[in-house]
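Heads up, the thing below is written out as structure tokens.
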Amino acid sequence: METIDQPSREQFARELDRNFSVTASAGSGKTRAITDRIVEIARDRRALDWLAKLVVVTYTNRAADEMQQRTRQKILESGLSLEVLEAFNRAFFGTIHSFCVKLLAMHGHHLGLPAKMELITDDEDLWNDFVQQQTTIGRSLSPENRRVLLRFVQARQLMELSRKYVVDLAVAQPKTPCPDASFEEVYAASNRRAKNIPKAQANLRRWEKRWRDTDEFVPWPPCASTAKEFVRVWREAFGPLREWVNACALCIAAEVQRDYREFRLARGVITYPDQVALAGELMRLPEVARRIRENNYRVLLDEAQDTDPQQFFVLLEIVRPAEATGSFTQDRSPTGGPRPGHFCMVGDFQQSIYRNPAELARYRALHELLIETKAAEELKFSVTFRLDRRQLDFVNEMFDEILNNIGGQVQFVELNPRPDILPGQVVRLDLDQDVDPNLSEPRRAAIEARELANWIRATGLEKLRADSWRQIAILCPRKAWLRSLRDALLDVDLAVEIQSESDREGENPAYAWLTALLAIMVDAEASYEIIGVLREIFGLSDDELARFGQGYPARFQIVHRTREPVTAPAVLNLLARTREAIEMQPLFSAVQEIVRATNLRERLRSLPPEEYADLGADLDALLNAAANAEANGLSLAEFANYLRANFSKTRETRPSFSDAIQLITAHKAKGSEWQAVIVPFLSRKVWGAPVRYPRAIKTVEANAAQIIFDRTDLTAELEQEIKDTERQEMERLLYVALTRAKHTLVVAYDREFFPTANGQVASESQMKWLRADAGDTNVAVIAALPSKARQCRETAARQWRVAHEEARENLDALRLETGWIDVARQTAGAFIRTSNPSLFARVETAVVKGADVWKEAEPELRPATIDNPAMRYGVWWHVFAQSIPWNLDPSVWEKAFEASSTTSPDPARSKREWKLLREYVSGHRDFLAGNMYSEMPFLWRIDEAMCLEGIVDLARFNRETNNWFILDWKTNQIVPGKIDNLRTQYLPQLAAYWKAIAEMTKQPVNAGIYSSATGCFVTYSERELKGEWERLRRLLRDNLASEIADSG
């Protein structure tokens, strides 16, 4: 059965010679639509030319990776040629910033850019250096205009404005000199009721005399009266003068920003906005623009509502005809627009929550321009594949009044159901209304959180229609609200994870702590940084630090060792020894040694997992970054600077691997979905960020920004417009939050929890923005909701079926790769090696699900690039073990180790674990009793439809007893006390191998694993193996893939 918008979807996918601007509602399959269009391109006769020129732009790198992988799988499923796949592999998938970097790498020399530039996200130190050398500002103004401007505005304010607000760098100074001002109407105004008018007039006379008769600094005089008519006359009198000052201030802000960009580029550093701005400058060079357009790029833009005007400019200009001049948005010429089939964008006005209202208005204007000039055709995707029936109806009823296309708000697009839609449920959770209003707001929030946590625990997964706790998310508009929810959920023994839209790299302990350690290794006398390391990483108290320092910060150094019998010197000496040990090591080895010597992994693991999930994986990612940095020729100091420069970079949302309720801000939830979503604190006031001046406000209608230097510049009209735009953004944010739930949506109705002083609901609350308070238009919709969650057998059955289909699809996808090595690898892993890979999740102690994995395979099948340190070491160990001449005397094995140790990523660990293996073999001579076979392949036909293929790391056949023994190497770095974890984890793998070898040889088989980190040899009993195989066999046609994945 087709969806109501199926014709539009097919048109978008198949009409490859046309441009489209698509508005796609929440859950309508934007990614799927883009994927379908790319697949159709791959099937086209022009695929080899077009695929290589594809530019697929997404908002995050993770989204780009997922889209690329999904598209590649579909291309493989289509059975297209290797040439097509190769052309697809040359297509660009990434963010607009990544694409701009690509343009700059090829053409940046036309702008005089250095060949190598470092990206920075935290430039506070660089800005301070710039300010120190910026002795004059205002060169872009005439001397007279500069003199007059600096009478009204301080240079410090202009510098702060330049720092905070990005302006059009091409803005010019006013064409007219500073206008005069007449205050006669202000002096003539009177109002008997307004007692402060005479005071305001007297202040103005003094100010005007000082302005006209002196050259002194004359900041704007405050208006002492609040009388509405008097304030209007006052502002009109100052209007022309303020507008002139505003224009001059913008001119200087552009000048400072140009200077600062040149300052950055001269030092080889660049910011994200720089990448786009410089790419835009390239497109303003006619000859360079022509060359870029001759590349015949075809742009597919996802999340268009999150694209700013400068980014749109770059993407539109690269797809115009090669000979085009000017810019499409200015010329508005149909013939100068994007070439047919070269530009498609997909977005949703309703989900615009990251950009300011002026940029949203420009996106809407661009959409209309493309349609009006026939440069693109408008399409709408309104069928949601996420929401079930009850949520869909609820969103349609609620937001038809909220997103009303009035006053700059966007127009609501009614959602339509998919053919096989489930019933769904929207629940109103009525919280206890007997709350003492005299309690502090945090106390009342804690009470609501406790009630909500108890309700979730009592309701359970089945009634919430979720198959795991990680499929439940609680969304809030503010990160600070999540803490009380976390505490309440932990109190009822429910696991939680917290994410927010403000997550920065530097807020992650793995990132912050490793960066700090690298920084002090580079600068061994950085006393304040060393004190921070001692306090934050090693946990030394302020008292210990004070007693050791004795008022001399210089005592905190790691150049020389310290001989004092207290804690601080012991840690300093450890750091000093580590610094000495890494002095001659390459970057990756040095970073790895720092992690090992400081026990950084164990220290990270001691932090609360509900606050910091998967820090081990974060640390592995940093080690991987170190390996990549080493490959790119960076030194330890350069890598440390790189980490510091990216301290403020926003971290992308990652899917959760632990079974924990997700606490997440509504901003961060965009692009994600859960089976159940809960929205609490409806009546709680959402406080905005504190206002800091100066600030620049660009409204929807205004052509230029309005500069607000202090509170007196804020007119009542402008203040109301700011409030309206903030309300509209929060309304769109609520649309995002309420469209994340697949099966169950819960709204916590807490009207009496957070009343204002007059007993009403705060106007800046989710309840008010939803129009759900008493007397509001949507109160009846909320009142009609059921107050209890109920389980649904149809939903549960669908979830079970979908989980099994996804497991089969994952297995089938393995068979799509081409070439005999790929086929060998995928079939060898389809049962065990891929679905149940050996995990190198934790380098130090424990094996934990959800961390980075490494797929064991024979050397020819291993990937050329290794993603993290555990993977690097695991590959090395297996290659080394294969090189050992097992059938010769152990005395000659040493040569194999000496030959392999030179390539070890961790020589110290290699020597330690090689010693453990030799000691084990020498103490267990029966280990070698038989013929040894390294990397022994097998293929066993289970039945008519299924085979099991794999590679045994080491096999031994004893001819005297006719007995086989199979062994698998495990390089997971654990402590001996945790060996049972390893034993349990790999039982499914060894049971399958045991069964295959036993059936193929018809001889007795024993199986075990060897832990290289502990030197322990673990064997499984025949009873264990047989029982586990029986369990796996029952799962063969049902839940095998997901079961094996769970065992990993």
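The values are calculated or read from the model by the stated rules, or taken from the named source; none is laboratory data. Quick caveat: nothing in here was measured; it's all calculated off a predicted structure. FYI the Cβ positions are ideal-geometry reconstructions off the backbone, even for glycines, and counts take in every protein chain you see.
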Test: residue in the stretch 207-215 that is of a type in the set (Lys, Arg), over 55 Å from the mean Cα position of the chain (by Cα) and closer than 20 Å to Leu241 by Cα: yes
Residue among Glu377, Glu368 that is farther than 13 Å from Val319 by Cα and either crowded, with 21+ Cβ neighbours inside 10 Å or in contact with a helix residue (DSSP H, G or I) (Cβ under 8 Å, 6 or more places away or on another chain) (or both): Glu377
Among (1) under 17 Å from the mean Cα position of the chain (by Cα); (2) without any contact (Cβ under 8 Å) to a residue 60 or more places away in the chain, the one test that Pro608 misses: (1)
Hey, Leu415 touching a residue at least 40 places away in the same chain (Cβ under 8 Å) and over 29 Å from Leu51 (Cα atoms) or not: yes
Leading residue by the ranking (modelled with the lowest pLDDT) among those in the stretch 543-558 that are part of a helix (DSSP H, G or I) and within 15 Å of Asp523 (Cα to Cα): Pro553
Strands (runs of 3 or more DSSP E) fully within the stretch 680-762 counting 3 or more residues that are aliphatic (A, V, I, L, M), under 27 Å from the mean Cα position of the chain (by Cα) and modelled with pLDDT of 90 or more: 741-749
Output for the stretch 45-54, where each listed residue is under 13 Å from Glu83 (Cβ atoms), in a loop (DSSP other than H, G, I, E, B) and either charged (D, E, K, R) or not assigned by TED's automatic domain parsing to the domain that holds Leu85 (or both): Arg45, Arg46
Qualifying residue in the stretch 445-461 (condition: at pLDDT 95 or above, under 24 Å from Thr384 (Cβ atoms) and in the same structural domain as Val736 (by TED's automatic domain parsing)): yes
Residue list for the stretch 154-195, filter: out of contact with any helix residue (DSSP H, G or I) (no Cβ under 6 Å at 6 or more places or on another chain), closer than 26 Å to Glu216 by Cβ, assigned to a helix (DSSP H, G or I) and in contact (Cβ under 8 Å) with a residue 24 or more places away in the chain: Gln157, Met159, Glu160
Subset of the stretch 1-28 (residues that are crowded, with 21+ Cβ neighbours inside 10 Å and out of contact with any strand residue (DSSP E or B) (no Cβ under 7 Å at 6 or more places or on another chain)): Ala26, Gly27
Some residue of the stretch 360-370 being in the same structural domain as Lys30 (by TED's automatic domain parsing), touching a Leu at 6+ places or on another chain (Cβ under 7 Å) and not in a loop (DSSP other than H, G, I, E, B): no
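For every residue, the table says whether it meets (1) part of a helix (DSSP H, G or I); (2) in contact with a strand residue (DSSP E or B) (Cβ under 7 Å, 6 or more places away or on another chain); (3) under 30 Å from Leu490 (Cα atoms).
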position: Glu529; (1), (2), (3): yes, no, no
position: His560; (1), (2), (3): no, no, no
position: Ala568; (1), (2), (3): yes, no, no
position: Leu575; (1), (2), (3): yes, no, no
position: Gln585; (1), (2), (3): no, no, no
position: Ser589; (1), (2), (3): yes, no, no
position: Ile594; (1), (2), (3): yes, no, no
position: Asp620; (1), (2), (3): yes, no, yes
position: Asn624; (1), (2), (3): yes, no, no
In the stretch 517-548, the residues that are over 39 Å from the mean Cα position of the chain (by Cα) and buried (at least 17 other Cβ atoms within 10 Å of the Cβ): Phe548
Selected residue (criterion: surrounded by the most Cβ atoms within 10 Å (Cβ to Cβ)) from residues of the stretch 501-516 that are farther than 12 Å from Tyr612 by Cα and among the polar types (S, T, N, Q): Thr515
Every pair of residues 6+ apart whose Cβ atoms lie under 7 Å, when the first sits in the stretch 785-803 and is assigned to a helix (DSSP H, G or I) while the second is surrounded by 16 or more Cβ atoms within 10 Å (Cβ to Cβ): Glu794/Leu422; Thr795/Leu422; Thr795/Arg465; Thr795/His743; Arg798/Leu422; Gln799/Asp467; Ala803/Ser1042
Subset tally (residues that are in a helix (DSSP H, G or I) and touching a residue at least 24 places away in the same chain (Cβ under 8 Å)) for the stretch 262-282: 13
Some residue of the stretch 418-425 being among the charged types (D, E, K, R), more than 25 Å from the chain's Cα centre (by Cα) and either in a helix (DSSP H, G or I) or not assigned by TED's automatic domain parsing to the domain that holds Ser765 (or both): yes
Arg428 within 26 Å of Ala783 (Cβ to Cβ), more than 31 Å from the chain's Cα centre (by Cα) and assigned to a strand (DSSP E or B): yes
Residue match in the stretch 917-930 (condition: surrounded by fewer than 21 Cβ atoms within 10 Å (Cβ to Cβ), in contact with a helix residue (DSSP H, G or I) (Cβ under 6 Å, 6 or more places away or on another chain), closer than 26 Å to Pro885 by Cα and modelled with pLDDT of 85 or more): yes
Unmet criterion (only one of (1) part of a loop (DSSP other than H, G, I, E, B); (2) in contact with a Phe, Trp or Tyr (Cβ under 8 Å, 6 or more places away or on another chain)) for Asp434: (2)
Residue tally, condition within 26 Å of the chain's Cα centre (by Cα) and within 17 Å of Ile292 (Cβ to Cβ), over the stretch 98-122: 8
Test: Asp388 is buried (at least 20 other Cβ atoms within 10 Å of the Cβ), within 23 Å of Arg740 (Cα to Cα), outside the structural domain of Phe343 (by TED's automatic domain parsing) and in contact with a strand residue (DSSP E or B) (Cβ under 9 Å, 6 or more places away or on another chain): yes
Filtered residues of the stretch 473-491 (kept if in contact with a Leu (Cβ under 8 Å, 6 or more places away or on another chain), surrounded by fewer than 23 Cβ atoms within 10 Å (Cβ to Cβ) and outside any helix (DSSP H, G or I)): Pro477
